Amino acid sequence: MIVLGLTGSIGMGKSTTAKMFAEAGVPVHDSDETVHRLYAGKAAPLVEAAFPGTTLSGAVDRKKLAERVLGDAAALKRLEAIIHPLVRADADAFLARKRAAGAPLVVLDIPLLFETGGRGRVDKVVVVTASAEIQRARVLARQGMTEKKLASILARQVPDAKKREAADFVIDTGQGFEAARAAVDAIVAELVGDKAGGPA
């Protein structure tokens, strides 16, 4: 089974690209979706213990948590120490299930793949990219996003150019949906031909 790591800086179109892999029949493990699930479940009491007052009705209040950790490197490290092992365990269970099912190719969607030393967990890496102008416009269009928040997030991410250099495949999402979809199909064809592995 080939494990393909999918990553890219904020606003580069990673989530959309992950959906395209799923539509092409490749099982995808989505780290962001896993975090959402953990925040509503087993991670909530751990986060509340570390950051009192950040949960509501047994689930993490992402807005309150963001106010607590954004711009505070020590707090962010504490949060990552709670969340990253849980996400990794979830991904490992996903890989074991797909390997047992005989899937020839799976995608691990890992936003901070290079930043968290995740390169060794995957066989190949796809980096999604777009121009800095497109990236900025996409991110600033998000609710609650500010120039300051964006700068703080980008400061923690490996620069896009470095990610592209380290990638096995690069998908430029600034070229539109059809071009991105064609790039996804070409990667799947190159790695496994037409045996993608059935529905995600």
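The values are calculated or read from the model by the stated rules, or taken from the named source; none is laboratory data. Source: prediction; values computed, not measured. A quick note on method: Cβ atoms are made from the backbone with ideal geometry, for glycine too, and the neighbour counts reach across all protein chains shown. Please note that ligands, DNA and RNA were not included when accessible areas were found on the heavy atoms of the full protein model with its side chains. Shrake-Rupley method; radii C 1.70, N 1.55, O 1.52, S 1.80 Å.
Working carefully through the options Leu150, Leu191, find the one that is farther than 30 Å from Ala101 by Cα and open to solvent by less than 50 Å² (accessible area, probe 1.4 Å). The match here is Leu150.
Residues in region 153-188 that are in a loop (DSSP other than H, G, I, E, B), open to solvent by 60 Å² or more (accessible area, probe 1.4 Å) and of a type outside the set (D, E, K, R): Pro159 only. Do we have Met20 as open to solvent by less than 20 Å² (accessible area, probe 1.4 Å) and assigned to a helix (DSSP H, G or I) here? In short, yes. In region 17-46, the residues that are at positive phi reach residues that are surrounded by 16 or more Cβ atoms within 10 Å (Cβ to Cβ) and modelled with pLDDT under 95 with C-beta atoms within less than 8 angstrom, at least six apart or across chains, in these pairs: Gly25/Ala196; Gly25/Gly197; Gly25/Ala200. Within region 42-100, take every residue that is more than 30 Å from Leu4 (Cβ to Cβ) and among the acidic types (Asp, Glu) and give me the one that is least open to solvent (accessible area, probe 1.4 Å). Selected residue: Asp61. Restricting region 134-147 to residues that are under 14 Å from Gly13 (Cβ atoms) and part of a helix (DSSP H, G or I), the residue that is least open to solvent (accessible area, probe 1.4 Å) is Val139. Count of region 24-38 residues, restricted to those that are open to solvent by 20 Å² or more (accessible area, probe 1.4 Å) and assigned to a helix (DSSP H, G or I), is 5. Would region 149-165 turn up any residue that is of a type in the set (S, T, N, Q) and under 22 Å from Thr116 (Cβ atoms)? Yes, because at least one residue in region 149-165 is of a type in the set (S, T, N, Q) and under 22 Å from Thr116 (Cβ atoms). The residue that is farthest from Leu112 (Cα to Cα), among those in region 39-54 that are out of contact with any Lys or Arg (no Cβ under 8 Å at 6 or more places or on another chain) and not in a helix (DSSP H, G or I), is Pro52. So for region 70-78 (the condition being in a helix (DSSP H, G or I) and acidic (Asp, Glu)), does at least one residue qualify? No, region 70-78 has no match at all. Looking across region 102-151 at every residue that is acidic (Asp, Glu) and free of Cβ contacts under 8 Å to residues at least 60 places away in the same chain, the one that is farthest from Arg62 (Cα to Cα) is identified as Glu133.
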